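Below you'll find the structure, written out as structure tokens, and then a few comments.
The values are calculated or read from the model by the stated rules, or taken from the named source; none is laboratory data. Here the structure is a predicted model, which is why all the values come from computation and not from measurement. Neighbour counts run over all protein chains shown; Cβ positions are idealised from the backbone, glycine included. Accessible surface areas use protein heavy atoms only, side chains included; no ligands, DNA or RNA. Shrake-Rupley method; radii C 1.70, N 1.55, O 1.52, S 1.80 Å.
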Amino acid sequence: MSLLAINKLTTTVGAEVDGIDPDRLATDDTLGEAVLDALEENGVLVFPRLHVNPEAQVAFCRRLGDIDHSSDGHHRVPGIYPITLDVSKNSSAAYLRATFDWHIDGCTPIGDECPQKATVLSAVHVAEHGGETEFASSYAAYDALSDEEKQRYGSLRVVHSLEASQRRVTPDPTPEQLARWRARRTHEHPLVWTHSSGRKSLVLGASADYVMGMDLDAGRALLAELLDRATVPDKVYSHRWSVGDTVIWNNRGVLHRAAPYDPDSPREMLRTTVLGDEPIQ
Ligand code: OGA
Ligand code: MN
């Protein structure tokens, strides 16, 4: 029995957690494990209007694992990274436009880091129109394949790159932009991720560039088809933000994207990332 009061939001992804307040987050030592279990089962957990402060958000995330501090310095609280298109609040805001495409975070790390385990966003300001965050289960995407497809795709390997994800939002880069993207090494991942738990998921999204050993166009068409099937509207949970909402996702088992919003909108999310320890294999 979970310690959490959980209401599923769709059949394949997302659940709302009720009865949690910032005090309980800080003091209930059993919450970390309960949240990790619920994340593995539901992919996304929504804490409506939790109004957790940044310090408490980071402290809670420490119960889930090690925190990513590689982007510190954009916010006064270490462990917090502001997600906003406002360059005065985040000097690397331009890269965030790539969040408008379906993706899994951390498929093209600088070195050999594993994809993040979980990510937390809390809404400080919300967009007037759009700006929902959408989620689809990558476990469900694998489970929905036919036996024959599971067999056929089980051995495919896919090259992921920063260039692939950036080119989708900036199709005509300057030579300088292109050089910066290409300075990041590419990564080859299996299409099917067999997790240490034994579950399997599909590794898809904006960073997936081409399939090794397959005709370029045919491989890209396959990646696009699998992504389309994974993200049909009835398999998607779309979170419409209210100020103070906190959402956590299991980055190893979901695809996510931001719905478009006005670049001048005040939308601002405070993000904390929990590092992963499981390679895509
Ligand atoms: C992210 C991300 C989506 C959003 O923080 O990794 O993709 O809705 N965010 O801001
Ligand atoms: Mn992301």
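In segment 120-144, which residue that is among the hydroxyl-bearing types (S, T, Y) and within 16 Å of ligand 2 (Cβ to nearest atom) is nearest to F100 (Cα to Cα)?
For segment 120-144, the residue satisfying everything is T133.
Quick one: which residue in S71, S91 is of a type in the set (S, T, N, Q), more than 15 Å from the chain's Cα centre (by Cα) and surrounded by fewer than 15 Cβ atoms within 10 Å (Cβ to Cβ)?
Going through S71, S91 in turn, just one is of a type in the set (S, T, N, Q), more than 15 Å from the chain's Cα centre (by Cα) and surrounded by fewer than 15 Cβ atoms within 10 Å (Cβ to Cβ): S91.
Select from segment 231-269 the residues that are hydrophobic (A, V, I, L, M, F, W, C) and over 20 Å from L36 (Cβ atoms) and write down the one among them that is nearest to ligand 1 (Cβ to nearest atom).
So the residue we want is A258.
So which of D112, D147 is surrounded by fewer than 20 Cβ atoms within 10 Å (Cβ to Cβ), over 24 Å from D68 (Cβ atoms) and of a type in the set (D, E)? Walk me through how you get there before you give the answer.
Working: D112 fails: over 24 Å from D68 (Cβ atoms).
Matching residue, one of D112, D147: D147.
Checking the conditions here, which among I67, I80 is in contact (Cβ under 8 Å) with a residue 12 or more places away in the chain and more than 16 Å from ligand 2 (Cβ to nearest atom)?
I67
Could you grab me the full set of residues in segment 5-51 that are in contact with a Lys or Arg (Cβ under 6 Å, 6 or more places away or on another chain) and either buried (at least 18 other Cβ atoms within 10 Å of the Cβ) or on the phi > 0 side of the Ramachandran plot (or both)?
Correct list: T12, A15.
Consider segment 151-172. How many of its residues are open to solvent by 80 Å² or more (accessible area, probe 1.4 Å) and in a helix (DSSP H, G or I)?
Final tally of qualifying residues: 4.
Name the residue, out of T84, T108, T27, that is touching a Leu at 6+ places or on another chain (Cβ under 6 Å) and polar (S, T, N, Q).
Being touching a Leu at 6+ places or on another chain (Cβ under 6 Å) and polar (S, T, N, Q) holds for just one of T84, T108, T27, which is T108.
Out of C114, C107, I need the residue that is within 16 Å of ligand 2 (Cβ to nearest atom), out of contact with any strand residue (DSSP E or B) (no Cβ under 8 Å at 6 or more places or on another chain) and assigned to a loop (DSSP other than H, G, I, E, B). Which one?
Numbers: C107 fails: out of contact with any strand residue (DSSP E or B) (no Cβ under 8 Å at 6 or more places or on another chain).
The unique qualifying residue is C114.
One residue is enough: does segment 209-222 have a residue meeting the conditions open to solvent by 10 Å² or more (accessible area, probe 1.4 Å), at pLDDT 95 or above, in a loop (DSSP other than H, G, I, E, B) and within 15 Å of ligand 1 (Cβ to nearest atom)? Give the derivation first.
Taking segment 209-222 and keeping what is open to solvent by 10 Å² or more (accessible area, probe 1.4 Å), we get 209-210, 212-218, 220-222.
Then keep just the ones that are at pLDDT 95 or above; that gives 209-210, 212-218, 220-222.
Filter again for in a loop (DSSP other than H, G, I, E, B), leaving 212-215.
Narrowing further to those that are within 15 Å of ligand 1 (Cβ to nearest atom): none.
No, segment 209-222 contains no residue that is open to solvent by 10 Å² or more (accessible area, probe 1.4 Å), at pLDDT 95 or above, in a loop (DSSP other than H, G, I, E, B) and within 15 Å of ligand 1 (Cβ to nearest atom).
Where the second residue is among the small types (G, A, S) and in a helix (DSSP H, G or I) and the first is under 25 Å from A224 (Cβ atoms) and touching a residue at least 24 places away in the same chain (Cβ under 8 Å) and lies in segment 90-104, which pairs have Cβ atoms under 9 Å and are six or more apart or on separate chains?
A98/S165; D101/S165; W102/A230; H103/S165; I104/S138
Report yes if some residue within segment 254-272 is touching a residue at least 12 places away in the same chain (Cβ under 8 Å), of a type in the set (S, T, Y) and either open to solvent by 80 Å² or more (accessible area, probe 1.4 Å) or outside any loop (DSSP other than H, G, I, E, B) (or both); otherwise report no.
Among the residues of segment 254-272, at least one is touching a residue at least 12 places away in the same chain (Cβ under 8 Å), of a type in the set (S, T, Y) and either open to solvent by 80 Å² or more (accessible area, probe 1.4 Å) or outside any loop (DSSP other than H, G, I, E, B) (or both), which makes the answer yes.
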